[in-house]
1. Just one of (1) loosely packed, with under 14 Cβ neighbours inside 10 Å; (2) under 24 Å from the mean Cα position of the chain (by Cα) trips up residue 59, so point out which.
2. Restricting attention to the stretch 98-124, which residues are over 18 Å from residue 165 (Cα atoms) and under 17 Å from the mean Cα position of the chain (by Cα)?
3. Would you say residue 153 is within 23 Å of residue 39 (Cβ to Cβ) and either at pLDDT 95 or above or in the same structural domain as residue 199 (by TED's automatic domain parsing) (or both)?
4. Counting only residues that are touching a helix residue (DSSP H, G or I) at 6+ places or on another chain (Cβ under 9 Å) and without any contact (Cβ under 8 Å) to a residue 60 or more places away in the chain, how many does the stretch 257-277 have?
5. Going through the stretch 154-177 one residue at a time, which ones are crowded, with 24+ Cβ neighbours inside 10 Å, out of contact with any strand residue (DSSP E or B) (no Cβ under 8 Å at 6 or more places or on another chain) and assigned to a loop (DSSP other than H, G, I, E, B)?
6. Look through 221, 242 and report the one residue that is outside the structural domain of residue 58 (by TED's automatic domain parsing) and either modelled with pLDDT under 95 or under 20 Å from the mean Cα position of the chain (by Cα) (or both).
């Protein structure tokens, strides 16, 4: 694999290959067994032009566990704050000796441009409202571990679909793995050309789905939190009680407690939110390993 710019370019076998490698990585880590040092001598540069906690830290740890070196660009303390262009910044990082670039940027398509400019393997860690492929991969692993398989599961993706790069990758990954998606949210946040059924009524779906995947309202991209939104789409105790006995709840984080989910539901036995975070490091290890192998 040369790059991971989006799930849209991957087939089921590609996705499942990374999932299987991730599962092996997690098994080894939890069993205290050594992990192949696939990144020995490899420098991974984390270029995060937008804030991140889970993704950036998990890429840090993933690279370190594979024996790689990690450098991290802090845009506010770099020459980008002096007006340096994105192209010049990434060419500088490449010139320093980075071997793999992990990129988060507010501009859709920025990771692809960076791959073209530098010729280096690039992982898209989130570009604008486009995609967040490693999030979809770890979500798929989380579901596989919980249910044993993904085929035939019904998932409702709820909230700010229009502004969500998480939704952008789920729309490609989940159907490829046999998951039936329904997009749920206010009409203005549902894409006209959605490749999955859409509805504005969450309550009508609660008894029919295996997974409720909640999205944060992207206020930084124009999403507005209203009392009406909270009343219609927050997953609280009453709505959670209507779910099927084995149904689960997911959220990519960060959580806006009291907006898309109540405290008690976020911390309930149905919630896979912490499990999603746990799967982040082994999934990103699998991706970095695949990119390192693709370099040789």
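The values are calculated or read from the model by the stated rules, or taken from the named source; none is laboratory data. The structure displayed is predicted, hence computed values, not measured ones. Virtual Cβ from ideal backbone geometry, glycine too; neighbours counted across all protein chains shown.
1. Failing condition for residue 59: (1).
2. Applying the first criterion (over 18 Å from residue 165 (Cα atoms)) to the stretch 98-124 yields 98-101, 114-121.
Within the stretch 98-124, 101 is the sole residue that qualifies.
3. Numbers: within 23 Å of residue 39 (Cβ to Cβ): no; either at pLDDT 95 or above or in the same structural domain as residue 199 (by TED's automatic domain parsing) (or both): yes.
For residue 153, the condition - within 23 Å of residue 39 (Cβ to Cβ) and either at pLDDT 95 or above or in the same structural domain as residue 199 (by TED's automatic domain parsing) (or both) - is not met.
4. Total satisfying the criteria: 13.
5. Matches in the stretch 154-177: 160, 164.
6. Working: 242 fails: either modelled with pLDDT under 95 or under 20 Å from the mean Cα position of the chain (by Cα) (or both).
When all the criteria are applied, what remains is 221.
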